[in-house]
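Enquirer: Right, I'll just put the structure down here and ask away after.
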Amino acid sequence: MGVPMRRLANILFFTIIVLTHGGLDPALRVAAATPPPAGGSEQAVAIIVNQSNPVENFSFDDLRKIFLGERSHWPNGRRITLVMLDPSQPERKAVLRDIYGMSEKDFNNHFIQGVFSGAVFVSPKNLATPPDVLKFVFNVPGAIGYVRASDVDSTVKVLRVDGRVPADKDYRFRLNARSGK
Amino acid sequence: MVFLSPQLVLDLLKRLFSRARVGSIAFLLCAPMLMSEGVLAQQVDGGDADKQTIQMLIRRIDQLEARVAQLEASKAPAPAASEQAPNPRAPAPPAIETEAPAEHSEPERMDMTKTLLNIRGFGDVTLHGDTHRGDTTSFTLGQLDLFVTSDISEKFKFLSEVVFEAGDDNVFGVDLERYLLQFSPNDYFNVSAGRYHTGIGYYNTAYHHSTWLQTATGRPFLFQFEDDDGILPIHNVGVSATGMIPSGRLGLHYIAEVGNGRASSSPHAEPVQNTVDENNGKSFNLGFYFRPTGVRGLQAGVSVYHDGLRPIASPAISETIIAAHAVIVRPNFEWLNEALVIRHAPDGSTRVFDTPGFYTQVSKRFGSYRPYFRYQYVNAADAEPVFPQVRRQQGPSVGVRYDPSDSAALKLQYDHTTLRGQPATDGLSLQLGFTF
């Protein structure tokens, strides 16, 4: 056991060096809590759910788990159905950047592996336009999606994230890339 | 007896196509009936079934007509003005606000009018050569893995992995590697019944039979499949429960499994007891792992597996497998560490056989390239009663994975493996893995 243990120690040392010298994923740092830029609420991306959903507020961590598929049920037991806009839509880019911290390819791989391993119960549904998302969320009680805040109407409910709504100055999901990027 | 006369078919068609908007749906509903008309006409029995089918179709047509009428009515007047400022991107308010969605009204009813199957495939082709005496450099077709899922209802899901694979005799065979019905009422209790990958450690339930998903060209020694001289009960048939444990930011989860365990009566027996267990004893596996929200991609946990093995020619053996893992998996960085001990304790003997093993694997992505390194080790006693052929194996693997597209990966890997009592071997593999 002596030789392999020494080799393992060397390997651990090597990986620690990698970790401590810029080895961490820069994309993940993007999603870390950083102050959002100044900007009007019209550029905010609202997280929307069905009007019948009793949830009003989510922490960012819980919201991220839902978007990652790590949580598959609402507190009332209904299954969560995540709706994503098509890759061409700017709202999707903002969500990938601010919630997932992933590229489009990483996002696809995450759900392929998640469904494959059983960790994710159901893949997200892709819809072409914000009106499609609004209609879907209206019709499916367990749905959660996102649209530009200016697209929101009375048919859906806007979730607070960490107690903040899109009109708040320090709301964290916006179309524009955050400062420093 | 009810005879499905042409007149009746015409009448149905007339009703079906009276609404252009439901024409396509109606055709789909009607087509199977038309195709089977000749067969039905020849049948003496089964009249009740025909009658029920007709009644069901008529009811379905009525429902569709009512739905079309509602939709058309809703389009006629201008949509109600939104309370908010006019917005060209905003949708019209939903037409029937009081109508409960189908999910509400019949949450557990299966839609029989469409297929529910989702299929994803994985495959690989490998060119491999090594210095082991007797081995030849060969192109090898890897497993062709068809991963099939079906969302049966809001809480039920079917999942299977059908694998086509050639053995050392170059003959292809088919294996049903996973075959599960999952019931998921909430995040705290999800239960699956069928054939599953045992929740020992991390690797076995993370990558299953896809090489494309794996960074390296193959699985670590510890997690080789049973038919590749693997030492773990990778597959099991039984019931598996998983779920979250309320623990806040710690993200604690559990896994509990009861199954037939591995076959042990003979080394030549099919290792997975798919239909008949050799004995009444069952295998148990209990594990816990956490995924803290504070460190993204981190998962760490332990599991304990226990089974009783009953070899025909030797005393019964108590098998206990204790595994621990700590992994960080992020899109651009991966660090997998797993260690386990397999303990075999023959009845009536004071000797206990402990087989320790571990592997560590690290990789980092640079654009489309991902260099990786793995070191692995397993050490079984020469007299080990269950897998005497394993002995001690250890060595490093170095490779690079290149992703030319989102669905294909080219991997080049060098392996150096030392084996107790045999010369070390060096191997080189070039593998194309893909998903489709």
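The values are calculated or read from the model by the stated rules, or taken from the named source; none is laboratory data. Worth saying up front: this structure is predicted, and the values here are computed from it rather than measured. FYI the Cβ positions are ideal-geometry reconstructions off the backbone, even for glycines, and counts take in every protein chain you see.
Enquirer: Residues being under 13 Å from residue B:428 (Cβ atoms) and either within 12 Å of the chain's Cα centre (by Cα) or among the acidic types (Asp, Glu) (or both): count how many of those fall in the range B:116-150.
Expert: 2
Enquirer: Quick one: in the range B:106-141, which of the residues that are of a type in the set (D, E, K, R) and under 30 Å from residue B:207 (Cβ atoms) is modelled with the highest pLDDT? Before the answer, list the steps.
Expert: First pass over the range B:106-141, keeping only residues of a type in the set (D, E, K, R): B:106, B:108-109, B:111, B:114, B:120, B:124, B:130, B:133, B:135.
Filter once more, so that each one left must be under 30 Å from residue B:207 (Cβ atoms): B:120, B:124, B:130, B:135.
On the way: B:120: 92, B:124: 96, B:130: 93, B:135: 89.
The residue in question is B:124.
Enquirer: Turning to a different aspect of this structure: What is the residue count in the range A:93-117 for residues that are farther than 21 Å from residue A:61 by Cβ and not polar (S, T, N, Q)?
Expert: Residues that pass the stated criteria total 6.
Enquirer: Mind telling me which of the residues A:132, A:98, A:106 ends up being over 30 Å from residue B:194 (Cα atoms), free of Cβ contacts under 8 Å to residues at least 60 places away in the same chain and acidic (Asp, Glu)? Walk me through it before giving the result.
Expert: Numbers: A:98 fails: free of Cβ contacts under 8 Å to residues at least 60 places away in the same chain; A:106 fails: free of Cβ contacts under 8 Å to residues at least 60 places away in the same chain.
Sole residue among the options that is over 30 Å from residue B:194 (Cα atoms), free of Cβ contacts under 8 Å to residues at least 60 places away in the same chain and acidic (Asp, Glu): A:132.
Enquirer: Something else: So is residue B:293 among the hydroxyl-bearing types (Ser, Thr, Tyr) and within 30 Å of residue B:390 (Cα to Cα) or not?
Expert: Numbers: among the hydroxyl-bearing types (Ser, Thr, Tyr): yes; within 30 Å of residue B:390 (Cα to Cα): no.
No.
Enquirer: I need the full set of residues from the range B:166-179 which are small (Gly, Ala, Ser) and in a strand (DSSP E or B), in order please. Talk me through it step by step, then tell me what you get.
Expert: Taking the range B:166-179 and keeping what is small (Gly, Ala, Ser), we get B:166-167, B:173.
Across the range B:166-179, the qualifying residues are B:166, B:173.
Enquirer: With respect to residue B:400, is the statement that it is in contact (Cβ under 8 Å) with a residue 12 or more places away in the chain and touching a Pro at 6+ places or on another chain (Cβ under 6 Å) true?
Expert: yes
Enquirer: If a residue must be in contact with a Phe, Trp or Tyr (Cβ under 9 Å, 6 or more places away or on another chain), away from chain A (no Cβ under 13 Å) and either surrounded by 16 or more Cβ atoms within 10 Å (Cβ to Cβ) or of a type in the set (Ser, Thr, Tyr) (or both), how many such residues does the range B:214-238 contain?
Expert: In the first step, residues of the range B:214-238 are kept if they are in contact with a Phe, Trp or Tyr (Cβ under 9 Å, 6 or more places away or on another chain); the result is B:214-216, B:219-223, B:229-238.
When the remaining residues are screened for being away from chain A (no Cβ under 13 Å), the result is B:216, B:219-220, B:222-223, B:229-238.
Those left that are additionally either surrounded by 16 or more Cβ atoms within 10 Å (Cβ to Cβ) or of a type in the set (Ser, Thr, Tyr) (or both): B:216, B:219-220, B:222-223, B:230-238.
Within the range B:214-238, residues that are in contact with a Phe, Trp or Tyr (Cβ under 9 Å, 6 or more places away or on another chain), away from chain A (no Cβ under 13 Å) and either surrounded by 16 or more Cβ atoms within 10 Å (Cβ to Cβ) or of a type in the set (Ser, Thr, Tyr) (or both) number 14.
Enquirer: Here's a check for you: in the range B:180-210, which residue that is farther than 16 Å from residue B:149 by Cβ and assigned to a loop (DSSP other than H, G, I, E, B) is nearest to the other protein chains (Cβ to nearest Cβ)?
Expert: B:187
Enquirer: In addition: Could you grab me the full set of residues in the range B:240-276 that are away from chain A (no Cβ under 14 Å), without any contact (Cβ under 8 Å) to a residue 60 or more places away in the chain and more than 23 Å from the chain's Cα centre (by Cα)?
Expert: Listed by number, the residues that qualify are B:265, B:266, B:267, B:268, B:269.
Enquirer: Given the options A:86, A:98, name the one that is more than 8 Å from every other protein chain (Cβ to nearest Cβ), surrounded by 20 or more Cβ atoms within 10 Å (Cβ to Cβ) and not hydrophobic (A, V, I, L, M, F, W, C).
Expert: Details: A:86 fails: surrounded by 20 or more Cβ atoms within 10 Å (Cβ to Cβ).
On inspection, the qualifying residue turns out to be A:98.
Enquirer: Now for a different question. Among B:403, B:426, B:415, which is the only one that is part of a strand (DSSP E or B) and in contact with a Gly (Cβ under 6 Å, 6 or more places away or on another chain)? Quick ask: steps written out before the conclusion?
Expert: Numbers: B:403 fails: in contact with a Gly (Cβ under 6 Å, 6 or more places away or on another chain); B:426 fails: in contact with a Gly (Cβ under 6 Å, 6 or more places away or on another chain).
After ruling out the rest, the residue left standing is B:415.
Residues checked against (1) within 14 Å of chain A (Cβ to nearest Cβ); (2) buried (at least 20 other Cβ atoms within 10 Å of the Cβ); (3) more than 29 Å from residue B:135 (Cα to Cα):
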position: B:348; (1), (2), (3): no, no, yes
position: B:352; (1), (2), (3): no, no, yes
position: B:355; (1), (2), (3): yes, yes, no
position: B:398; (1), (2), (3): yes, no, no
position: B:407; (1), (2), (3): yes, no, yes
position: B:415; (1), (2), (3): no, yes, no
position: B:419; (1), (2), (3): yes, no, no
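Enquirer: Collect the residues in the range A:124-144 that are more than 8 Å from every other protein chain (Cβ to nearest Cβ) and either in contact with a Leu (Cβ under 8 Å, 6 or more places away or on another chain) or within 19 Å of residue B:157 (Cβ to Cβ) (or both), keeping them in residue-number order.
Expert: Quick first cut of the range A:124-144, residues more than 8 Å from every other protein chain (Cβ to nearest Cβ) only: A:124-128, A:133, A:136-137, A:143-144.
Once the filter is applied, which keeps residues that are more than 8 Å from every other protein chain (Cβ to nearest Cβ) and either in contact with a Leu (Cβ under 8 Å, 6 or more places away or on another chain) or within 19 Å of residue B:157 (Cβ to Cβ) (or both), the range A:124-144 yields A:124, A:125, A:126, A:127, A:128, A:133, A:136, A:143, A:144.
Enquirer: Considering only residues of the range B:138-156 that are among the charged types (D, E, K, R) and assigned to a strand (DSSP E or B), which is farthest from residue B:119 (Cα to Cα)? Step through it out loud before you land on a result.
Expert: As a first pass, look at the range B:138-156 and keep what is among the charged types (D, E, K, R): B:145, B:151, B:154-155.
With assigned to a strand (DSSP E or B) added as a condition, the list becomes B:145, B:151.
Details: B:145: 10, B:151: 12 Å.
That would be B:151.
Enquirer: Does the range A:145-180 hold any residues that are within 18 Å of residue A:100 (Cα to Cα) and either without any contact (Cβ under 8 Å) to a residue 60 or more places away in the chain or within 14 Å of chain B (Cβ to nearest Cβ) (or both), and which are they?
Expert: Result: A:145, A:146, A:147, A:148, A:162, A:175.
Enquirer: Shifting gears a bit: When you check residue B:188 against the structure, is it assigned by TED's automatic domain parsing to the domain that holds residue B:252, closer than 23 Å to residue B:275 by Cα and not aliphatic (A, V, I, L, M), yes or no? Can you show your working first?
Expert: Values: assigned by TED's automatic domain parsing to the domain that holds residue B:252: yes; closer than 23 Å to residue B:275 by Cα: no; not aliphatic (A, V, I, L, M): yes.
No; evaluated as a whole, the condition is false for this residue.
Enquirer: Take residue B:103 and tell me if it is at pLDDT below 85 and either surrounded by 14 or more Cβ atoms within 10 Å (Cβ to Cβ) or assigned to a loop (DSSP other than H, G, I, E, B) (or both).
Expert: Details: at pLDDT below 85: yes; either surrounded by 14 or more Cβ atoms within 10 Å (Cβ to Cβ) or assigned to a loop (DSSP other than H, G, I, E, B) (or both): yes.
So residue B:103 passes the test.
Enquirer: Tell me, which residue of the range B:224-239 that is touching a residue at least 24 places away in the same chain (Cβ under 8 Å) and assigned to a helix (DSSP H, G or I) is nearest to residue B:126 (Cα to Cα)?
Expert: If we filter the range B:224-239 for residues that are touching a residue at least 24 places away in the same chain (Cβ under 8 Å), which is where we start, we get B:226-227, B:229, B:231-239.
Next cut, assigned to a helix (DSSP H, G or I) only: B:226-227.
Numbers: B:226: 20, B:227: 18 Å.
In this case the residue turns out to be B:227.
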